[in-house]
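Chemist: Before I ask anything, here is the structure I am working with.
The values are calculated or read from the model by the stated rules, or taken from the named source; none is laboratory data. Nothing here was measured: the structure is a model prediction, and the numbers come from that model. Quick reminder, even Gly has a Cβ in these numbers, built from the backbone with ideal geometry, and neighbours come from all protein chains shown.
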Amino acid sequence: MAIAEVLPKEYGYVVIVVVFYCFLNFWMGFQVGGARKRYKVPYPTLYAIESENKNAKLFNCVQRGHQNSLEMMPMYFLLMILGGMKHPCICTGLGLLYNVSRFFYFKGYSTGDPMKRLTIGFVLSLLFLCF
């Protein structure tokens, strides 16, 4: 039995949204790389130490925003891939909403004020995971 016979014809939309999330995470990674240069945090340091770097909090917020998205990636992929087999259009819509929410979550978190992550991005992310 071919995979095309099992998956609904709209499943390609699910794949596109999952790939979009990968590109979003690449973009976040580039933001972390830029923050490394801007705040002078050398590799392989994962998090800056405030006693060694006056901009440690700013860098750590960018790093943590990206890291949180990476931590959520396996669950997101699993929910999208499995849910898309039965309800591809619903998963596509919710997945796209989740992608947009992760962008705003990251933008808010990377401001240096972690409370700004609790705006629309965080709420929409939780909404997606509840479905």
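Chemist: Right, Ile49: of a type outside the set (Gly, Ala, Ser) and at pLDDT 95 or above or not?
Modeler: no
Chemist: What's the number of the only condition in (1) buried (at least 16 other Cβ atoms within 10 Å of the Cβ); (2) of a type in the set (Lys, Arg); (3) free of Cβ contacts under 8 Å to residues at least 40 places away in the same chain that Arg38 fails to meet?
Modeler: Unmet for Arg38, out of (1) buried (at least 16 other Cβ atoms within 10 Å of the Cβ); (2) of a type in the set (Lys, Arg); (3) free of Cβ contacts under 8 Å to residues at least 40 places away in the same chain: (1).
Chemist: With Gln63, Gln31 as the choices, which residue is part of a helix (DSSP H, G or I) and touching a residue at least 40 places away in the same chain (Cβ under 8 Å)?
Modeler: Gln31
Chemist: What residue, of Phe122, Phe131, Phe103, Phe77, is under 23 Å from Gly12 (Cβ atoms), touching a helix residue (DSSP H, G or I) at 6+ places or on another chain (Cβ under 9 Å) and at pLDDT below 90? Walk me through how you get there before you give the answer.
Modeler: Numbers: Phe122 fails: under 23 Å from Gly12 (Cβ atoms); Phe103 fails: at pLDDT below 90; Phe77 fails: at pLDDT below 90.
Of the residues listed, the single one that is under 23 Å from Gly12 (Cβ atoms), touching a helix residue (DSSP H, G or I) at 6+ places or on another chain (Cβ under 9 Å) and at pLDDT below 90 is Phe131.
Chemist: How many of the residues making up the range 1-35 are under 11 Å from Met85 (Cα atoms), out of contact with any Gly (no Cβ under 9 Å at 6 or more places or on another chain) and at pLDDT 95 or above?
Modeler: Number of matching residues: 0.
Chemist: Condition check: within 30 Å of Ile90 (Cα to Cα) and either outside any helix (DSSP H, G or I) or of a type in the set (S, T, N, Q) (or both). Does Asn25 satisfy that?
Modeler: Yes, satisfied.
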